[in-house]
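The values are calculated or read from the model by the stated rules, or taken from the named source; none is laboratory data. Bear in mind the structure is a predicted one, so any value in this text is a computation, not a measurement. All Cβ positions, even for glycine, are placed from backbone atoms using ideal geometry, and neighbour counts span all protein chains on display.
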Amino acid sequence: MSSIPFAGFHPEALLLLAENRLQNSTAFYNAHKEELKQKITVPMRQIFEALSDDFAKIDPSMHLISHRVVSRIRRDTRFSKEKSLYRSNIWFMAMRPKSDDMPPSPCFWFELNPDASEWNAGVAVFANPPRFMAFLRGEIAAKSDAFLDALESAQSCGAIAQIDSFKRDRAGDCPDAVRPFLNAKNFFVMYASNDFGILQSPKLIKKLRGIFAAFAPLYQFYAQTVLDWLSKEQNDQCK
C-alpha cells in the first residue's frame, strides 16, 4: 500500500497515457515507464486505498489489495485480435477475489478514458453468463420495488443505465420503469464526467465516495441476487 495520500493526478498524466498509446512503442514505454507509474498507476492505487474502507463496509468479501485491482498499461495481446501493445485508458475494479471458475460478482469501477474525453465510475455484475442474466431479470420482476429504489439511489448522483436490449420485447405486463431491464441482455449503471480539473485535486476522493455510496444499494441488490443464483445452481446440480 502507498503511504502517501492521493493529491491529484499530474496535469500531464492523461496526455502521457495517450501519447504512450499513440507511439505504441516498446522503446517509448521503457523510456517513460517510471513516469507512467508515478503519474498514472500510483495515483490510481492511492484512490483505491482512500476508498477501501468504504468498499469494505459495503462488502466485507471485497478484494482490497490495491496493486492487484488497477489495470496494467501494457496489454496482454496473446488472445486478442487487437494487437496494440498499450492501453489508452486505465481503471480499477473493486470486487470479490477472482477464481478459475469465476462466478458472477458485483463490482464497482473507476476509469480514466482519454479517448472518450471522460472519466467514469460504475456498478455492474462481472462475469455474468446468460443464465445468470435470466435469473437477474426474474429477480428484478419479482422485487421491482427494491430494484427501483436501488436504481433511484444510483441515479441520484447523475449516473445513467446503459442497456443492451433484446430486439423483441420479453417483458410482458410490467411497470414501465422496469421494462427496459427486463428486456436487457446486459446492463450497467455509470456516472461519466468530462471535468478533468477535479482529477488534479484531492476533491476527487470526496466525489467518488459520494458516487459509490449512491451505488451501494444496487451493488447489494446484485450481491444478494448472486447468492440466490449460486444456491439455485447448486440445488439444480443435486437433483
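Can you confirm whether segment 121-129 contains a residue that is farther than 26 Å from G210 by Cα, among the polar types (S, T, N, Q) and under 14 Å from the mean Cα position of the chain (by Cα)? Yes, segment 121-129 has at least one match. Residues of segment 220-234 include none that is surrounded by fewer than 19 Cβ atoms within 10 Å (Cβ to Cβ), touching a Cys at 6+ places or on another chain (Cβ under 9 Å) and hydrophobic (A, V, I, L, M, F, W, C).
Does segment 191-205 hold any residues that are among the aliphatic types (A, V, I, L, M), in contact (Cβ under 8 Å) with a residue 60 or more places away in the chain and in a helix (DSSP H, G or I), and which are they?
Step one: filter segment 191-205 for residues among the aliphatic types (A, V, I, L, M), giving 192, 198-199, 204-205.
Those left that are additionally in contact (Cβ under 8 Å) with a residue 60 or more places away in the chain: 192, 199, 204-205.
Selection gives L199, L204, I205.
Residue pairs whose Cβ atoms lie under 6 Å apart, sitting 6 or more positions apart in sequence or on different chains, and linking a residue in segment 113-135 that is without any contact (Cβ under 8 Å) to a residue 40 or more places away in the chain and surrounded by fewer than 17 Cβ atoms within 10 Å (Cβ to Cβ) to a partner that is of a type outside the set (S, T, N, Q) and assigned to a helix (DSSP H, G or I), do not occur here. Of L218, L227, L208, all but one fail to be over 18 Å from the mean Cα position of the chain (by Cα), among the aliphatic types (A, V, I, L, M) and assigned to a helix (DSSP H, G or I); the exception is L227. If you take just the helices (runs of 4 or more DSSP H) that sit entirely in segment 111-190, which of them hold at least 1 residues that are modelled with pLDDT of 95 or more and either at positive phi or hydroxyl-bearing (S, T, Y) (or both)? Correct list: 144-155.
Using the structure shown, decide if Q237 is over 17 Å from C107 (Cβ atoms) and at pLDDT below 95. So Q237 passes the test.
Do you know which residues across segment 51-106 are aromatic (F, W, Y) and either surrounded by fewer than 18 Cβ atoms within 10 Å (Cβ to Cβ) or in contact with a Lys or Arg (Cβ under 9 Å, 6 or more places away or on another chain) (or both)? Scanning segment 51-106 gives F79, Y86, F92.
Being surrounded by 14 or more Cβ atoms within 10 Å (Cβ to Cβ), free of Cβ contacts under 8 Å to residues at least 60 places away in the same chain and within 23 Å of F212 (Cα to Cα): is that true of C174 here?
Details: surrounded by 14 or more Cβ atoms within 10 Å (Cβ to Cβ): yes; free of Cβ contacts under 8 Å to residues at least 60 places away in the same chain: yes; within 23 Å of F212 (Cα to Cα): no.
Considered against the rule, which asks whether it is surrounded by 14 or more Cβ atoms within 10 Å (Cβ to Cβ), free of Cβ contacts under 8 Å to residues at least 60 places away in the same chain and within 23 Å of F212 (Cα to Cα), C174 comes out as no.
Do we find that M44 is surrounded by 12 or more Cβ atoms within 10 Å (Cβ to Cβ), part of a strand (DSSP E or B) and within 22 Å of the chain's Cα centre (by Cα) in this structure? It is false that M44 is surrounded by 12 or more Cβ atoms within 10 Å (Cβ to Cβ), part of a strand (DSSP E or B) and within 22 Å of the chain's Cα centre (by Cα).
Quick check on my filter: what residues within segment 2-41 are in contact (Cβ under 8 Å) with a residue 60 or more places away in the chain, loosely packed, with under 12 Cβ neighbours inside 10 Å and either of a type in the set (D, E, K, R) or closer than 16 Å to A94 by Cα (or both)? Result: no residue meets the conditions.
Counting the residues of segment 136-192 that are under 21 Å from L112 (Cα atoms) and among the charged types (D, E, K, R) gives 0.
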